[in-house]
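Colleague: Below are the structure tokens for one structure; questions will follow.
Bear in mind these aren't lab numbers, they're just calculated from the coordinates by the rules spelled out. Only a predicted model underlies this, so the values are computations on that prediction, with no experimental measurement involved. Backbone-built Cβ (ideal geometry, glycine too); neighbour counts: all protein chains shown.
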Amino acid sequence: MNCEVAHERIVTAAYGELPDEQMHELERHIAGCQDCETEQQQLRALKMLLDADPVVEPPANLVARSRIRLEEALDALPPKGWFERFNLRMINNLAGLQAAPLAACLLLVAGAGAGCVGGYEFAQSRAAHAAASAAATLASEQAPSGPTEIANISGIVRQPNSEIVEVSYNQLVPHRIQGSLDDPGIRQLLMLASENSASAGVRDDSVGLMAAECRAGHGCQAAGIRDALMVALRYDKNASVRMKALKGLEPHVIEDVRVRDAVLEALLNDSDPRIRTEAIGVLQPVGADTSVRQVLHSIANTDRNPHIRTASMEVLSHMPEIQ
């Protein structure tokens, strides 16, 4: 046995997959080869380190969310045109013709090898898919009243003249949960929808419901709905969602400095003039705040939008001078 063959068998032996007769040959070779013995010791040490920190399998719901987002991204890709597909087919055909003399003698061997590997990988992927589906099915059957791991929110419907809200959400298959706006599970889903839903309509519905709760004084705690509204005001791409978030935060601009800062950021940076104008009115009750005055003075003197400059001047004119 030469060292090259021994190196291959050392790896196989480390994982307990080397047949006994080959293991005896390897041991005899290592007994007389210092280099191979050193490599075996190093490999064993490395394997011990790896075994001390085992790989953690991802949760089934994480796999489900990733699969759903991947499918959504693939669906959003534009289809290839007929000309692009024709060119790709011609290139593949030409490459095949050029390699035909050399490849002809290898087709049988390569085909057999690819078939074995492909079959093994297919079996593995089918087993993994079946395991993930079974885990997701079990999770859906045992879903709690306040779900904590959700793929996305697909719809929100409020019953007319009622506090009852129906939220549709996805794991591997669509789910629904119904409850009052005071239900922690419903609130959790609304906050999740305001941040993670790919649908602007769903985000608009969720932020609108949370904003209405805040304006009505129904449990708009700082760590919860209020935080979700500030995130929507700062980062949502839909102007209607940002406007609803701003109106929902208005009752808390006096008591919460973080809300005040979020409204100031909207006034300075938002791309929609209507939201900036609304932010000026929201900030009027806290005109005694030095930061608010400085921002309003700056906008009144330098902003490019004449309507916003006028609105800032109007608010400043009704603020008492600080002695």
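Colleague: Regarding segment 199-264, what is the average projected area of its C-alpha convex hull, in nm²? Don't jump to the answer; show the numbers that get you there.
Modeller: Numbers: hull surface 15.4 nm².
Dividing the Cα hull surface by four gives the mean projection, 3.8 nm².
Colleague: If you take the Cα atoms of segment 210-323, find Rg, then find the Kirkwood Rh from the mean of 1/r over all pairs, what is Rg/Rh?
Modeller: Here Rg/Rh amounts to 0.97.
Colleague: Step by step: find N for segment 159-239, compute 2.2 N^0.38 Å, then divide the Cα radius of gyration by it. What's the final number?
Modeller: Normalised by 2.2 N^0.38 Å, the Cα Rg of segment 159-239 equals 1.04.
Colleague: With θ taken as phi - 60° and the coefficients 6.51, -1.76 and 1.60, list the Karplus ³J(HN,Hα) couplings across segment 247-261 in order, rounded to whole Hz; mark glycine and proline as x.
Modeller: Couplings: 5, x, 7, 3, x, 10, 5, 7, 8, 10, 5, 5, 5, 4, 5 Hz.
Colleague: Could you please report the charge total around S180, scoring K, R as +1 and D, E as -1 over all other residues with beta-carbon less than 13 angstrom from its beta-carbon?
Modeller: -3
Colleague: Neighbour counts of other C-beta atoms within 10 Å: give me T302, T310, T38 arranged from fewest to most.
Modeller: T302, T38, T310
Colleague: Taking θ = phi - 60°, what integer Hz values does the Karplus form 6.51 cos²θ - 1.76 cosθ + 1.60 yield along segment 184-190, in sequence order, with x for Gly and Pro?
Modeller: In residue order, the calculated couplings are x, x, 5, 5, 4, 5, 5 Hz.
Colleague: Find the Rg to Rh ratio for segment 3-52, where Rh is the Kirkwood radius over alpha-carbon pairs and Rg uses the same atoms.
Modeller: Taking Rg over the Kirkwood Rh, I get 0.96.
Colleague: Now, a different point. State, as an integer percentage, the relative contact order of segment 3-52 based on alpha-carbon contacts under 8 Å between residues 6 or more apart.
Modeller: Details: 21 pairs, mean separation 20.2, N = 50.
Result for segment 3-52 is 40 percent.
Colleague: Provide C33, C220, C3, C214 in ascending order of the number of other Cβ atoms located within 10 Å of each residue's Cβ, fewest first.
Modeller: C3, C33, C220, C214
Colleague: E21: net charge of surrounding residues, Cβ under 14 Å, Lys/Arg +1, Asp/Glu -1, itself excluded? It would help to have the intermediate numbers written out before the result.
Modeller: On the way: positive: R9, R28; negative: E17, D20, E25, E27.
Surrounding charge for E21 is -2.
Colleague: Also: For each of S298, S194, count neighbouring Cβ atoms within 10 Å of the residue's Cβ, then give the residues from fewest to most.
Modeller: S298, S194
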